[in-house]
Amino acid sequence: MNKIVCFAMLTALFSWVAIASADDAASDTALDPANPDAWTQREFWSTTGGEPAGAGWEFDAGEVRLARPKEAGNLVSPPLPAHFDLSWEWKITPRCNTGLKYRVREFGSRWLGVEYQIIDDSVGHPGKGSTASIYDLVAPDSDKPLRPAGDWNLARVVAAGDTLKHYLNGQLVASTAIRGPAWDTAMAMSKFYGNADFAVPREGDRVMLTDHGGEASFRNFQFTAVAPQASEEPDWTDAGSPDAGPFLGNAMRNSWADQNSIVIWTRTTARPEMLSDGKPFVSLGSREASRLSKSTDPEKLLRVQLPEGAELKDMLGACPGAPGQVRLTWFPEKQRHLAKSTSWQTTSADNDFAVQWSLQDLKPATRYAAVVEARPIDQDANTAVVRGAFRTAPEASAAEPISFCFTTCHDFIRRDDGMRGHKIYPAMTEFDPDFVVHAGDIEYYDKPDPWAMTVELMRFKWGRIFSLPNNRAFYSNTTSYFLKDDHDTLRNDCWAGQTYGSVTFEEGVRIFNEEQFPSHTPRYKTVRWGRDLQVWFLEGRDYRSPNNLPDGPDKTILGAEQKAWLFDTLQRSDATFKLICSPTPIVGPDRKNKKDNHANEVFAHEGEEIRTKLAEIDNVFVLCGDRHWQYASYDEQSDLWEFGCGPGSEKHELGWKPGDERPEHRFLRVKGGFLTGALRYSNGKDSVELRIRHRDVNGDPVSEFDFQADVRSDDSADDSDR
């Protein structure tokens, strides 16, 4: 090859490399956040979809201008260091709404981040939505030095470690730590709740300029990466600290929901979580426990079950109560501006530090958020906060799909998911029920570790089982109806006048009905869940006759008043499907040696009376607890179906021999699990189907029963209630 040609080619190659290197350097400079000029270059920004900034954004004379609001869309920066100090100047037109978000990343399908709010305050955007707020989380100082629309303002954000600070025109106007009770409270009340690690620093997070409407200009960006800083803790007095509580180790639970009301329960605790590495109880066998139950000395009944030198608060699963103050805030999840709050209430040992609120005037068919805050007595700073949810029933005329779950027979010693609790709760959560019914035997006083023969031990068991993470999370976020049975009233097959150790039947009733669960008088109710489903919740302990009373017309489980109410409301209901939720069987079959339900000979008279009455009414189904096997039974004489859900754990099935199918059985499975029901429509809602399934503890269906009905043409509905 000609040497001159070769030299020319080499010269051209070196020139290209030099030019390319210069272009790369220029490109790097254009994207370097430490370079103030980079922030006002179009190449620095992109859409959340990775496209170049659109024509609605202008880049000119050292400014970034939002020129065509509502058309321009949001812009995001390149990935940035996690800890930084960023300042910039901004100017807006009247009525403008914009902002700068930071620590922005994708949460599912959305790009979210902490926002330095920029808005025309003159048209009314108070508090957490005003200029320089940590948007929807922390309001700025009321005396902030804000210049009006049309003037330039200077903003600054310092996001270092767990601390966020917003400055306006040189003055610190809002700050927060992103960990601790105050932050948890702010998040619980905000639109960002449920987005894990929101605001937590991560390398590669971005800055976003938002387009919410109105023209805006930005200039003079100054960005500096800084070292992380520890969060700034609140200024606590000697009277308390966030580490001392009180806490909300049992979160919250609810019951008795209808279209317009519900009862919410919570309890202040000495620990944020149960003691998962506590000491084991001294195990006593059944015979030894039976002899011990004759004693009425609470100290003896407790001490014999504790290891030497131990206290109840030291035991495995302990979640003891503690005094404090609590407040409830609730609002429709999509209408936070309608939030209402109770006054602060003080908890006490008299009722195990529990508090209840009866909420009225709710909206039908609405999912509500519920936030409980806790603080020490006479202190202003929160030490704990939990957020839950519930749904109200739809109007009686509404043809809406409905789903529900039904469960029974749980206890701590036979849980099947370790220290998380029971497997069925994540499984039921996946099913996303509108409501759940727990049909009783929620805990077992008369089972070991410990045998709960004192009020103190009964309370220990409730605090323990509802501090299991699976159980606690589910009931905090699901509309629930709690029935009670024998084991969570006093002991097996119990009735009025009996005792168990130092506790009377009447005390056991009070602990359940008034202290540990949402209260309602009387303890039975019917709720219309839309046009085609009505549900009855029965009380099976408070009114019953002794099991050993001779059978006859005066012997009862339901009591005369409840039974008359049941028959009357059933007769008047025009719901397509009618579900009776009973703590114990009405159809069975049950074992011959059992003596406490309507499928047994000892209550045969009332059992026959109930089945005969139900035979007069179309589409009545019984869902029952109590039995430790799953079954579907059909009584041909009364045309009545009954579904037993089985125990809540596969460590708890017992009492029936697999394969022992009786003539009534249409399904039998001696395993743990739960029931689900689904109301679905077809043919333009002229046809409705109720599907009932048994599921195993993982949520997999093991049976399926479909019941269909044509819907009446008359849309009127009776939502009779007690």
Note: probe point = Cα of Glu63 + 7 Å toward Cβ; backbone nitrogen < 16 Å; residues of the stretch 119-152 passing the test are 148-152
Under the Karplus relation with 6.51, -1.76 and 1.60 and θ = phi - 60°, whole-Hz ³J(HN,Hα) for the stretch 614-630, x at Gly and Pro, equal 5, 5, 7, 10, 6, 6, 9, 10, 9, 10, 10, x, 6, 8, 9, 8, 8
Reviewing [x] 97, 54, 45; [y] 115, 67, 67; [z] 164, 65, 50, the figure for Cα extents along the principal axes in Å actually calculated from this model sits under [y]
So for R0 = 56 Å, FRET eff. of Ala365-Glu308 from the Cβ-Cβ r, to 0.05, ends up at 0.50
So for R0 = 25 Å, FRET eff. of Ile377-Glu273 from the Cβ-Cβ r, to 0.05, ends up at 0.65
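When the chain is fully extended, how far beyond the present Cα-Cα distance does Asp639 get from Asp432, taking 0.36 nm per residue of separation?
Extra length available between Asp639 and Asp432 comes to 71.4 nm.
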Trypsin sites (Lys or Arg not before Pro) in the stretch 330-404 lying in a DSSP loop, each with at most 15 other Cβ atoms within 10 Å of its Cβ, come to Lys334
Within the stretch 242-277, the residues whose backbone N lies under 12 Å from a label point placed 7 Å from the Cα of Ser358 along the Cα-to-Cβ direction are 261-264
Within the stretch 264-364, DSSP-loop GluC sites (Glu not before Pro) with at most 12 other C-beta atoms within 10 Å are Glu308, Glu311
Taking only protein heavy atoms and a 1.4 Å probe, the highest-to-lowest accessible-area order of Ser682, Ser261 is Ser682, Ser261
In order over the stretch 594-610: 3J(HN,Hα) from phi, Karplus 6.51/-1.76/1.60, θ = phi - 60°, whole Hz, x for each Gly or Pro, gives 7, 9, 9, 9, 6, 8, 9, 5, 6, 10, 5, 5, 5, x, 5, 4, 5
For Lys191, the lysines lying under 26 Å Cα to Cα, once residues fewer than eight places off in the same chain are dropped, come out as Lys70, Lys101, Lys128, Lys144, Lys165, Lys334, Lys340, Lys363
Stretched fully, the stretch from Gln222 through Arg110 gains (0.36 nm per residue minus C-alpha distance, one decimal, in nm) 37.6 nm
For Met419, the accessible surface traced by a 1.4 Å probe with all protein chains present amounts, in square angstrom to the nearest 10, to 60 Å²
Plugging the Cβ-Cβ distance of Asn683 and Glu203 into 1/(1 + (r/R0)^6) at R0 = 60 Å yields, to the nearest 0.05, a FRET efficiency of 0.60
So Glu43 and Ser397, fully extended at 0.36 nm per residue minus their Cα-Cα distance, gain in nm 121.7 nm
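The values are calculated or read from the model by the stated rules, or taken from the named source; none is laboratory data. All of these numbers come straight from a predicted model, not from anything done at the bench. Here Cβ is always computed from backbone atoms with ideal geometry, including for glycine, and neighbour counts include all displayed protein chains. Please note that ligands, DNA and RNA were not included when accessible areas were found on the heavy atoms of the full protein model with its side chains. Shrake-Rupley method; radii C 1.70, N 1.55, O 1.52, S 1.80 Å.
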